[in-house]
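What follows is a short report on a single structure.
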Amino acid sequence: NHVSEQSFEERATTTSHPLSSYLFRLMALKKSNLCLSADVSTTNQLLSLADSIGPSIVVLKTHYDLISNWDYNPTTGTGARLARIARRHGFLIFEDRKFGDIGNTVQMQYTEGTAKIIEWSHITNVNMIPGKAAVDALAEAAIRWRERKQYEVKTDISVGTPRAESIDSDGEDDTVTPIPESNLEIERAGRKASIVSITTVSQHFEPVNSPRSHEDYEEEVFEGIEEAPMDRGLLILAQMSSKGNFMNAEYTSACVESAREHQGYVMGFIAQESLNREPGDAFLNMTPGCQLPPEQDDEDAEIQGDGKGQQYNTPAKIIGLGNDIVIVGRGIIFAADPVREAERYRRKAWEAYEERIA
Ligand code: 6AU
């Protein structure tokens, strides 16, 4: 049967990519195929959002260059803190960097420079316009990085012991201060994070059974989530959601070819439809340009674009087309109650997946 008819549990066992396998397992456990696009402007907003929406998502997508006060410190900076929140709630980080330059430049942008994306972001993506060499170069950089990490672990030269991010009202270092006029951080005041123990995913990590409260769920998740494998993955931007984009069918096919050449590194695509076209293709498809009509409206109503070229489809339509994960930004972030809205998107996208595999 076609991959889009297989369950995520099944795909976790058949994929050859360790990070995809971990992600598929997370999806099955959290009953979530939702990625939050955390397009906000400050570190506090980003971390608060990650912490409050974390239970509903399996991937959190960043644009680190939108953050005005990104802290580049490798152990105490924004990326490192986000990675700890990701670890605690069980989601992967995806820096939507859309690399698009010659191989040598993208390698340096990926591993060096200010943000050192490869250190804190499990997944990133590439705009293949410069040609397949950009993908080859990123794959090579990821292999080198992994070898270095393994050496560090073996010889115990890595600095610092990972600890849980504490988001508490009285602490000094790690306090996440409130986002002005936002309802995101409030329920967090005065509650302390505990250090998590590394156990297996399934031991404590139960799926969300709506309508369980966010708080109950969070307490459980705190207990233990298996650490993501020490691997990195790439998504190829093969189709775009924006009106009049130049990615034609031939271009998209070249993206699929490149993915097949790098199955140990390329997890799949950012696309508008499933690009698993031939028997043996088992890629992950993640899809942006997703919004739901307001709750009180007709659920099948047409959704307007954003007036800046973005076009939207509902989770039901996107998942029905064989895509695996919906990427939602403003639909959640701008909602009156983002935590509740994230759950609504999670539920809708998950129901569409269940219907698809039924
Ligand atoms: O839900 P939105 O419209 O608020 O945000 C959509 C997010 C933005 C875009 O930079 C990104 O998804 N995006 C991408 C990605 C993920 O690569 C590709 C694309 O074709 N369309 C798109 O919107 O952060």
| query | If you average 1/r over every pair of different alpha-carbon atoms in the stretch 41-167 and take one over that average, what Kirkwood value in Å do you get? | reply | 15.4 Å
| query | In whole angstrom, how far apart do the alpha carbon centroids of the stretch 314-358 and the stretch 14-39 sit? | reply | 14 Å
| Debye log10 I(q)/I(0) for the stretch 265-358, one point scatterer per Cα, at q = 0.15, 0.18, 0.26 Å⁻¹ | -0.60, -0.83, -1.44
| request: Find the Cα radius of gyration of the stretch 1-77, compare it with 2.2 N^0.38 Å by division, and give the number to two decimals. | output: 1.36
| task | Write down the Kirkwood hydrodynamic radius of the stretch 33-111, to one decimal in angstroms, obtained as one divided by the mean of 1/r over all alpha carbon pairs. | result | 13.1 Å
| remark: Expected sort for 88-101, 140-153 on mean C-beta neighbours within 10 Å, highest first, is 88-101, 140-153
| task | Note down the nm distance, to one decimal, between modelled labels 7 Å out along Cα→Cβ at GLU355 and at VAL153. | result | 4.1 nm
| task | Would you mind checking the stretch 62-82 for residues with the amide N under 20 Å from a putative spin-label position 7 Å along Cα→C-beta of SER41? | result | 62-72, 78
| Over the stretch 1-45, what is the relative contact order in whole percent, taking alpha-carbon pairs under 8 Å and six or more residues apart? | 26 percent
| query | Rounded to a whole number of µm²/s, how large is the Stokes-Einstein D of the stretch 305-351 at 10 °C and 1.306 mPa s, given Rh as the Kirkwood radius over C-alpha pairs? | reply | 139 µm²/s
| Taking the highest mean first, how do the peptides 319-327, 36-44 order by number of other beta carbon atoms within 10 angstrom per residue? | 319-327, 36-44
| Distance (nanometres) between label positions extended 7 Å along Cα→Cβ at ASP65 and ALA301 | 3.6 nm
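Rule-based calculations on the coordinates, nothing more; no lab input. In this text, all values refer to a predicted model and were calculated from it rather than measured experimentally. Virtual Cβ from ideal backbone geometry, glycine too; neighbours counted across all protein chains shown.
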